[in-house]
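None of the figures in this text is laboratory data; all of them are computed from the coordinates on show. Computed from a predicted model, the values in this text were never measured in an experiment. So basically every Cβ, Gly included, is an ideal-geometry build from the backbone, and we count neighbours across all protein chains shown.
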Amino acid sequence: MSSKRRIRRKSCTGKIRHTTEAEARQHIGALVHRKGWTGRMNAYRCPFCNGWHVGHGGRRWQ
Ligand SMILES: [Zn+2]
């Protein structure tokens, strides 16, 4: 990774970063299991850190 143009970190900081989509989905699974949540959580690829985050549905996070 050599391009350093416009690195925005605002949307990343404070969030849990997963290396793979499977990992992120596992995290969602844990949340659902704990809170009985079924919807509106999704895993999305982060363009800033190149990892995966878990977000709430409703808006597009990319
Ligand atoms: Zn990120």
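General observations
- Working from label points 7 Å from Cα in the Cα-to-Cβ sense, the Y44 to K15 distance is 0.7 nm.
- Built amide H within the under 5 Å cut-off of C12, gap 5+: none
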